[in-house]
1. What nm value, rounded to one decimal, do you get for the distance between Lys285 and Lys238 when each label is placed 7 Å out toward the C-beta?
2. So for the pair Glu11, Asp423, with labels modelled 7 Å out along Cα→Cβ, what separation do we get in nm?
3. Based on alpha-carbon atoms only, what is the radius of gyration of the chain relative to the globular estimate 2.2 N^0.38 Å?
4. Could you give the spread of the C-alpha atoms of region 11-118 along their three principal axes, from largest to smallest, in whole angstroms?
5. Rounded to a whole number, what % of the accessible area of the chain do carbon and sulfur atoms account for, probe 1.4 Å?
6. Setting aside same-chain residues fewer than 8 positions from Lys344, which lysines have a Cα under 27 Å from its Cα?
7. Which angle from 0 to 90°, rounded to the nearest 10, does the C-alpha axis of helix 335-349 make with the longest principal axis of the chain?
8. Cα axis of helix 374-387 to longest principal axis of the chain: angle in degrees, 0 to 90, nearest 10?
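The values are calculated or read from the model by the stated rules, or taken from the named source; none is laboratory data. Fair warning: this is a prediction, and the values are worked out from it, not measured in the lab. Using ideal geometry, Cβ is built from the backbone for each residue, glycine included, and neighbour counts are taken over all protein chains shown. The area values use the complete protein model at the heavy-atom level, side chains included, leaving out ligands, DNA and RNA. Shrake-Rupley method; radii C 1.70, N 1.55, O 1.52, S 1.80 Å.
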Amino acid sequence: MIDKVIAHIDEHNKANIERLKEFLRIPSISTDPARKADTRKGAEWVHKVLTGCGIKSEIIDTKGHPAVLADTGPADGGPTILVYGHYDVQPTGDEKLWKSPPFEPTVRDGDLFARGSADDKGQVLTHLLAAEAWMKVAKKLPIRVKFLIEGEEEIGSPSLDEVIHKYKDRLACDYVVLSDTPKFDKTTPAITYGTKGLIYKEIVITGPKQNLHSGSYGGTLTNPGNALAMIIASLRDKDNRVTIPGFYDDVRPISDDERKKMAALKFDEKGYMNAMGCPSLEGEKGFSTLERRWARPTVDVNGLGGGFMGEGASTVIPARVFGKVSMRIVPDQDPAKIAKAFEKAVMAAAPPGVRVEILDHSSCSAYVSPMGTPGMDAAGEALKLGFGKAPVFIREGGTLPILPMFKKVLGADSIMMGFCMPDCNAHGPNEYFGLDDFHKGTRASAYFVDVLARAARR
């Protein structure tokens, strides 16, 4: 049966590309109140695809944007998977930086350019189309497949926790499957088995009641800007090691086996550096670029502001400055413990003469999926069949709060199959998804359920 399903996907590839373009024309920007109706259209579009091939689907209203819940129904044995994805997209940013309008999908050199093409409409559609192919050809799927496609991922999924708890029984599964991560390189698909956690803080420093003349008052009081610089500089040493007391206490070491596997990956450091436009690569001493990127905790400044920010010069001592700082944490680090240690370190580094306030923006644990499970093995085989090349297993430096949430509430581990390019410009101008990857990703998703079903029968 799988051969017929794949033949159906191949036969309808051109039509599926046109459907993807239709999906991408919906400006479902979840953070923009003016796009609320458009965002709902995204949910309705997903719902229509699922019901159109005979899959039971429902649009679930939330306090924000709706989610789509669907279920292919009981199957003849085998595990149950929950396909997670999102139909909402990032804002377009400065549209002058786009070579073609962000909501007018345009093909150039085999790549489809549009906002949401890779993150996540194109990738989530691969799973919808694979399920559709099974339904069209076999009238059912070989295992039970559920879907949870939400519309708030790009704004932190504020309604998802409530949805998962409320519909816990309907969402029960053995594995969560998602494609919101990249391939390793142009020709190599990837399975991401770990993501970092995140703690995001804002340090606010206030001093005088208003901006002051730096000539008249300089040297007589603590400059909030100088104080912030001192605090930030104190967070890392010359070896780029974080100096917050206790920061590394619970860090899970990289195993020798994992280090060998990372070292064996054909990672182009020079290409990586050039793609970012950086003159050199720096980081914690004693670790490779991939180790630092995937498996070591970090502290980074994300934004600075205060004082005179306009064109030209204005010699003032700022009354108020702020610095936004994020910490990417790794397995076994406790977000609450690290957050407390950070606050204590900031207060200890603050000089006298200023007031310090620390604001919380977000907090999430790291996640690592177990290797060698039937689900992981099936994903590896499916990607090899779909892309014609075995995938590599990688970690990601980014954060997906949903993963520890799924594990805690549903007890299910996540399998992340990456179909898009690492440099797909997600969140930036000229986001794109390779049409060949779109086709192969759809094939891989169809193979995945077949491999899982066959493994269960052995």
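1. Reported label-point gap for Lys285 and Lys238 is 0.7 nm.
2. Label at Glu11, label at Asp423, 3.9 nm between them.
3. Working: Rg = 24.0 Å, N = 458, 2.2 N^0.38 = 22.6 Å.
Here the answer is 1.06, to two decimals.
4. 52, 40, 22
5. Details: 10570 of 20850 Å².
Of all accessible area on the chain, carbon and sulfur atoms account for 51 percent.
6. Correct list for Lys344: Lys196, Lys201, Lys209, Lys238, Lys285, Lys324.
7. Relative to the chain, helix 335-349 is tipped by roughly 20 degrees.
8. 80
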